[in-house]
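Novice: Dropping the structure in here first, questions after.
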């Protein structure tokens, strides 16, 4: 068996060029695989669940409550956490903030910088006001770096996993095989030393972690730090968590002093307007355990081009096409020669269907040039028949809207809510009558 040292591709015969990654002369004979196959492993103890002690995870708060909530209560000793995000989104900044908070509590923290020099790390630490007791090491050789880790260290941070390499492989840093082997070595290091390991990783243009999919399987926790270009908003969400929930999110704002938690996210994205506006509506979405009131803005006007424009920011293009088709089918609204622009205010992206009603009323308002009720929120998922469906957590969404000062809720329900007037909207025809 021959294995490519760059991408890990396996072939039964030697090939001069790897058919998977296209590199030349990278296929090597996997002699060790045959030897490992002949060896017999030692027996392992087999016990019943009833004989296993309950145990308890020792969690260490990071000093950032929103981050602790996403982690499930804090960092678990001996765990491996992967923080993924686009370049420049704030991964290194968040690492320094966590390192500084833990160092001030007496924890010994080592930050391994494989992409920046220690001088660059020092400048960022001074800007963020990070404690000087944080230890810093720079280098790319993972074997040398791990051998230099002090015995009494509590937390090791690596920035980033794609920049380090091990001498056991001939492939360059960042290759599939290097990322997989380095991640496995860090995982074993964390378990043997009972040290928490945090490492950052880049994402591809598709939004996934760069490198092999095995990287996400190796680590215990996978966090994604997301943010749009030109926007100070940062969203931290859990993609995988062996010690807590995976539906929690946290909102931050990037400032000169680092990432600052947004105490009331709804006020950051929307608040009741003083006057009704054309093409502007409000909906309530859920991100993890957080309910957010968002502002939907739309602009529909006649097109001067043969093919009209369909442009959406923060809302799925496919769902927008469904809403537009239903408006033409059920309400006889002609959109074949009109440009449609849709925007979710604040830079947030809607990943659920219960904002369909808010999108539809915003588009109808722009088409008919009639303002939408600025004191009401619209909640409901639209079906292909034009009927709306209420979310199971509608009371919680209504409570969030009431807290921000909204007085009416438009939803496919007749349920009454304290302090809120309910307007029943069962299908697209009822929604049209609202205007």
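The values are calculated or read from the model by the stated rules, or taken from the named source; none is laboratory data. What you see is a predicted model, and the numbers here were worked out from it, not measured in a lab. Positions of Cβ are backbone-derived with ideal geometry, glycine not excepted, and every protein chain shown enters the neighbour counts.
Novice: Looking only at region 412-435, filter to residues that are in contact with a strand residue (DSSP E or B) (Cβ under 7 Å, 6 or more places away or on another chain) and part of a strand (DSSP E or B); which one of those is surrounded by the fewest Cβ atoms within 10 Å (Cβ to Cβ)?
Specialist: If we take residues in region 412-435 being in contact with a strand residue (DSSP E or B) (Cβ under 7 Å, 6 or more places away or on another chain) and part of a strand (DSSP E or B), then 421 is surrounded by the fewest Cβ atoms within 10 Å (Cβ to Cβ).
Novice: Right, something else. Checking the condition crowded, with 16+ Cβ neighbours inside 10 Å, under 20 Å from residue 286 (Cα atoms) and either at pLDDT below 95 or assigned by TED's automatic domain parsing to the domain that holds residue 280 (or both), which residue from 353, 371, 395 passes? Walk me through it before giving the result.
Specialist: Numbers: 371 fails: under 20 Å from residue 286 (Cα atoms); 395 fails: crowded, with 16+ Cβ neighbours inside 10 Å.
Selected residue: 353, the only one of 353, 371, 395 that is crowded, with 16+ Cβ neighbours inside 10 Å, under 20 Å from residue 286 (Cα atoms) and either at pLDDT below 95 or assigned by TED's automatic domain parsing to the domain that holds residue 280 (or both).
Novice: List the number of the failed condition for residue 88; all other conditions in (1) surrounded by fewer than 14 Cβ atoms within 10 Å (Cβ to Cβ); (2) at pLDDT below 90; (3) more than 23 Å from residue 237 (Cα to Cα) hold.
Specialist: Failed condition: (3).
Novice: Can you tell me which residue in region 36-63 is nearest to residue 260 (Cα to Cα), limited to those that are modelled with pLDDT of 85 or more and touching a strand residue (DSSP E or B) at 6+ places or on another chain (Cβ under 7 Å)?
Specialist: Across region 36-63, the extreme among qualifying residues is 62.
Novice: Moving to a separate point now. Quick check: anything in region 187-201 modelled with pLDDT under 90, farther than 22 Å from residue 62 by Cα and surrounded by 14 or more Cβ atoms within 10 Å (Cβ to Cβ)?
Specialist: For region 187-201, residues modelled with pLDDT under 90, farther than 22 Å from residue 62 by Cα and surrounded by 14 or more Cβ atoms within 10 Å (Cβ to Cβ): absent.
Here is a yes/no grid of residues against (1) closer than 30 Å to residue 5 by Cα; (2) assigned to a helix (DSSP H, G or I); (3) in contact (Cβ under 8 Å) with a residue 24 or more places away in the chain; (4) in contact with a strand residue (DSSP E or B) (Cβ under 6 Å, 6 or more places away or on another chain):
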position: 98; (1), (2), (3), (4): no, yes, yes, no
position: 119; (1), (2), (3), (4): no, yes, no, no
position: 126; (1), (2), (3), (4): no, yes, no, no
position: 136; (1), (2), (3), (4): no, no, yes, yes
position: 152; (1), (2), (3), (4): no, no, yes, no
position: 157; (1), (2), (3), (4): yes, no, yes, yes
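Novice: Which of the residues that make up region 170-185 are crowded, with 22+ Cβ neighbours inside 10 Å and either part of a helix (DSSP H, G or I) or modelled with pLDDT of 85 or more (or both)?
Specialist: Of everything in region 170-185, those that are crowded, with 22+ Cβ neighbours inside 10 Å and either part of a helix (DSSP H, G or I) or modelled with pLDDT of 85 or more (or both) turn out to be 176, 177, 178, 179, 182, 183.
Novice: Only one of 82, 146 is assigned to a helix (DSSP H, G or I) and either surrounded by 17 or more Cβ atoms within 10 Å (Cβ to Cβ) or at pLDDT 90 or above (or both); which?
Specialist: Numbers: 82 fails: assigned to a helix (DSSP H, G or I).
None of the others qualify; the one that does is 146.
Novice: Those residues that are free of Cβ contacts under 8 Å to residues at least 40 places away in the same chain and not in a loop (DSSP other than H, G, I, E, B), I need them from region 378-398; list them, please.
Specialist: 381, 389, 394, 395
Novice: Now for a different question. Could you grab me the full set of residues in region 99-114 that are farther than 19 Å from residue 189 by Cβ and buried (at least 17 other Cβ atoms within 10 Å of the Cβ)?
Specialist: Residues of region 99-114 farther than 19 Å from residue 189 by Cβ: 100-101, 103-106.
Once the filter is applied, which keeps residues that are farther than 19 Å from residue 189 by Cβ and buried (at least 17 other Cβ atoms within 10 Å of the Cβ), region 99-114 yields 100, 101, 103.
Novice: Hey, another quick one. Do we find that residue 332 is farther than 24 Å from residue 430 by Cα and either modelled with pLDDT of 90 or more or not assigned by TED's automatic domain parsing to the domain that holds residue 93 (or both) in this structure?
Specialist: On the way: farther than 24 Å from residue 430 by Cα: no; either modelled with pLDDT of 90 or more or not assigned by TED's automatic domain parsing to the domain that holds residue 93 (or both): yes.
Against the criterion (farther than 24 Å from residue 430 by Cα and either modelled with pLDDT of 90 or more or not assigned by TED's automatic domain parsing to the domain that holds residue 93 (or both)), residue 332 does not qualify.
Novice: I've got another one for you. Residue 255 fails exactly one of the following numbered conditions: (1) buried (at least 20 other Cβ atoms within 10 Å of the Cβ); (2) more than 21 Å from residue 406 (Cα to Cα). What is the number of that condition?
Specialist: It fails just one condition, (1).
Novice: Same structure again: What residue, of 300, 197, is in the same structural domain as residue 409 (by TED's automatic domain parsing) and assigned to a strand (DSSP E or B)?
Specialist: Working: 197 fails: in the same structural domain as residue 409 (by TED's automatic domain parsing).
The unique qualifying residue is 300.
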